[in-house]
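Step one of this worksheet: look at the structure below.
Values quoted throughout were computed directly from the atomic coordinates according to the rules given, and no laboratory measurement underlies them. As the structure is a prediction and not an experimental result, all values here were calculated from the model. Cβ placement follows ideal geometry from the backbone for every residue including glycine, while neighbour counts extend to all protein chains displayed.
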Amino acid sequence: MPGATDNQSSRSRKGHLKPEKLNKFLLVTHELLPEISTPWKDALLMVNADKTRIEVPATPFAFPHPDLFITISDLAKRMSTLGTWLRLRPGHLAMQTPSYTPAKLSHQMCRMILTYDWVGKSGMEDRVRGKETNRRELAANFMASCIDEMSVQEEGCTEVVWQGKSMPDLKEEDVHEILWELSELAFRMEFLSLDKHLQVVNTDSAARKHERHLGHCFPRGRYDQCWMVRLGDAHRGISDSSWLRQAPYIFSMRRVMCCWKNCLETIRGERSRYTEETLRMVIRCLCVHT
């Protein structure tokens, strides 16, 4: 969930992080990224980012992180990178369906693929070094688990569109929508990945019940279709401005977490009544203890 915090006060005069700040979770914000709500921001700032304590092994990403795009300061390069993502997006979304095994990439690999202008011509120096060939193969391999054959055109390829708009017509609000979709997809897929590693479900009936709870964590109610994100859901679910409308989704997450190894006792047990503070407590448990 993207966001940011000013960490200038956490640095010494030489620019090094102070010891007590080393393991603080760093939130990243930008005008193009979705705004993070106060309860989630407060919870994330409590996270101990010490990697040695993590039970779930680090895995590659199902989708590129949105901050990959906002760290590109040159507008033309940023739009070129977004264009590459939009070109790969349909096939990559198809890889999330049950009939495929999703390809996952490291942050560095995503950057390598997306920042390479593989629809244009490369210079002679690039050809001599073999970078063009290597990166074209990398892009093709990236799509291989979804598409039987992918060819990168040498002189260009078909027009890229977002919500019916071509790349030259995209405005700032369109970029915001693209990055919101990526943020939402990243959160959903990482939550499902956590569940896969931590769940302890012993019977078929319990597994079916667990899948229903997973589906109820997101709008539309189908955990096996959580990669189908609609822009109309941008202010629904856990992103809703009303804690009462957030509550059904947050407490479905609580039910899912109750089937995880080492689930905290503080969130176990059904309640007949929930409050805003109860919701904040569940959010803290989700952020801090996973």
Mind ranking 202-208, 256-262 by how tightly packed they are, going by the mean number of other C-beta atoms within 10 angstrom, highest first? 256-262, 202-208
Kindly identify region 208-255 as rounded, prolate or oblate by the Cα gyration tensor criterion: order the square roots of the eigenvalues as a ≥ b ≥ c, call it rounded if a/c is under 1.5, otherwise compare a/b with b/c, prolate if a/b is larger, else oblate. oblate
Karplus couplings for region 275-283 from phi (6.51 cos²θ - 1.76 cosθ + 1.60, θ = phi - 60°), rounded to Hz, Gly and Pro as x? 10, 4, 5, 4, 4, 4, 5, 5, 4
Taking H as built 1.01 Å from N, whose amide H comes closer than 5 Å to the amide H of TRP260, not counting residues under 5 places away? VAL200
Sorted by average packing, counted as other Cβ atoms within 10 angstrom per residue and highest first, what order do 76-87, 231-242 take? 76-87, 231-242
Just to confirm the filter: which GluC sites (Glu not before Pro) across region 187-281 are DSSP coil and have at most 11 other Cβ within 10 angstrom of their Cβ? GLU270
Checking region 158-191 for trypsin sites (Lys or Arg not before Pro) in a loop per DSSP with at most 11 other beta-carbon atoms within 10 Å yields LYS171
Taking 64-70, 33-39 and ranking on average Cβ neighbours within 10 Å, highest first, one gets 64-70, 33-39
